[in-house]
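Enquirer: Quick one: the structure is below, and I'll ask about it shortly.
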Amino acid sequence: MSDRHIDTAAVHAGRLEIPTNAPSSPPLFQASSYEFADLAEVAAIYGGEANGKIYGRYGGPNGTQLERAIAELEGAEAAVGAAAGMSAIDAALAATLGQGGVIVATAEVYGGTYTLLENDYRKAAFDVHYVDQQDLSAVLASLGRHRPKVLYLEALTNPLMHVADLPALCALGHEAGATVIVDATFATPALVRPIEHGADLVAHSVGKYIGGHGDVGAGILAGKADLVERARAYLVRKGATLPHFEAWLALRGLRTLALRMARHSSNALAVASHLAAEPAVERVHHPSRPDHAQYDLAAKLYPRGTGGIVAFDLAGGEPAVDRFLRDLQTIAIVHSLGEVATTISYPSVSSHRNVPAEMRRALGVSAGTLRISAGIEDPGDITRDLSRAFAGLGERARA
């Protein structure tokens, strides 16, 4: 033992030895702060002239690795991680809008994003307008009328799985002088890369398919380097940067992303086909089905599949929904998506809870709309659980 007092030795004992050969899996860097050798190193690291880290809020090695991975997969110049998907979306808007401007957003924007636009941006005197992103003529008219700084799109909409014509919409946005931001959470870069179609920024909720195991809370933004760096500065100021452990978990999930998305997609198509044959189902919403109005566009933009989400309208409204959900045995009610297990949610009380009822109805989200996130289980087991719940509806109706 050294001649130091035990109180001092306990603080400083032990020495970290970093192996000269690389680990096969990324190590976790959970440190909240880093040491500097001298003032010259402080200046070099703060100035970006040396490869070093400063403090947790400024990001860590695991976050940097995830950012580089997503930028590479998206074909983006850069990427930045965030504490949540909503943090990434907020940073994308803040980096683009500055102190003022107009936003034109898809009317089918995710409920959390709708709340952000209405409660934060509109109340801060930003002008917000909604448009049907499927109607290119309406989009063109809205862009011409409002001359927005931002055109905000959903690659695949939540929950009805409408497909954004990304090449056409990005071209329209740029012709109007707008920065195009795309939420591609439902697709991931395994299925579509919006930047290849002209998007300036792409946002993901990492806790969905990228993490893939229901244990991550994070977001990420990829795109043009100048916009990403402005977003990074905003996230640092707000204390909304990516936690180290979340980045490490997301990197683990990213390794199986392509395999999982292929299985999610094939299982979702099997579920959609099964639902289409059920008498109690009024309509199935899934763009990989030939009867979907956007089937050809989906086949063109999504040759590897359209992901794991299937929505359907159940006859009988909320009372029928309640009975149906009670009879499911293996499919859990979960107000998220993208996990390896199949889950179900009721948008009217979850993702679209804060969207006005009249707006939900106009979008086609009815009192009977349910959203399934197809997992990676055997497809027959998923559809058997659905069949049990449909059988329960039939038995109650006969009673």
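Enquirer: Between GLY219 and residues 5 or more places away or on another chain, which pairs have amide H atoms under 5 Å apart, with H built 1.01 Å from N, and which residues are they?
Expert: The answer is ALA82, ALA83, ALA84, GLY85, VAL206.
Enquirer: Next question, about the same structure. If you average over every viewing direction, what projected area does the convex hull of the Cα atoms of region 1-95 give, in nm²?
Expert: 10.0
Enquirer: For SER137 and PHE36 in one chain, what is 0.36 nm times their gap in residues minus the Cα-Cα distance, to one decimal in nm?
Expert: Stretched fully, the SER137-PHE36 segment lengthens by 30.6 nm.
Enquirer: Can you run phi through the Karplus equation (6.51, -1.76, 1.60; θ = phi - 60°) for region 203-209 and list ³J(HN,Hα) in whole Hz, with x for Gly and Pro?
Expert: Here the 3J(HN,Hα) series is 10, 9, 8, 5, x, 8, 6 Hz.
Enquirer: Using a Förster radius of 25 Å, what is the FRET efficiency between ARG252 and GLN99 based on their Cβ-Cβ separation? Nearest 0.05, please.
Expert: Rounded to the nearest 0.05, the efficiency is 0.05.
Enquirer: At a 10 Å Cβ-Cβ cut-off, how would you order SER336, SER348, fewest neighbours first?
Expert: SER336, SER348
Enquirer: For the chain, what proportion of DSSP beta bridges, expressed in % and rounded to the nearest 5, is antiparallel?
Expert: Taking every DSSP beta bridge within the chain, about 55 percent pair in antiparallel fashion.
Enquirer: Testing the spin-label approximation: label points 7 Å from Cα along Cα→Cβ at ALA262 and ASP127. State their distance in nm.
Expert: Distance between the two pseudo-spin positions: 4.9 nm.
Enquirer: Starting from the Cα-Cα distance between ARG361 and HIS213, subtract it from 0.36 nm times their residue separation and give me the gain in nm to one decimal.
Expert: 50.1 nm
Enquirer: Same structure, new question: Against the longest alpha carbon principal axis of the chain, how many degrees, from 0 to 90 and to the nearest 10, is the axis of helix 85-97 turned?
Expert: For helix 85-97, the angle is close to 80 degrees.
Enquirer: Using θ = phi - 60° and the Karplus curve 6.51 cos²θ - 1.76 cosθ + 1.60, what whole-Hz ³J(HN,Hα) does each residue of region 256-265 get, with Gly and Pro shown as x?
Expert: 10, 4, 4, 5, 5, 5, 5, 6, 4, 5
Enquirer: Order by neighbour count: ASP381, ASP38, fewest other Cβ atoms within 10 Å first, most last.
Expert: Placing the least packed residue first, the sequence is ASP38, ASP381.
Enquirer: Taking only C-alpha pairs under 8 Å that are 6+ residues apart, what is the relative contact order of region 39-254 in percent?
Expert: Value for region 39-254: 30 percent.
Enquirer: Return the distance in nm (one decimal) between the two label points of a simple spin-label model at TYR46 and THR330, each offset 7 Å from Cα along Cα→Cβ.
Expert: Placing both labels 7 Å beyond Cα along the Cβ direction yields 5.8 nm.
Enquirer: Hey, another quick one. Pick out, in residue order, every one of the GluC sites (Glu not before Pro) in region 278-380 that is DSSP loop and has at most 15 other C-beta atoms within 10 Å; say none if there are none.
Expert: The qualifying sites: there are none.
Enquirer: Anyone know which of ALA124, ALA84, ALA176 comes out most mobile in the 10 Å Cα GNM of the chain?
Expert: ALA124
Enquirer: So what is the calculated 222 nm ellipticity per residue for the chain, using -39500 (n - 2.57) for each DSSP H run with n of 4 or more, over all residues, to the nearest 500 deg cm²/dmol?
Expert: Calculated from helices alone, the mean residue ellipticity at 222 nm is -12000 deg cm²/dmol.
Here, each number is a calculation from the coordinates, and none is a lab measurement. Keep in mind that what you see is a predicted model, and the values were worked out from it rather than measured. A quick note on method: Cβ atoms are made from the backbone with ideal geometry, for glycine too, and the neighbour counts reach across all protein chains shown.
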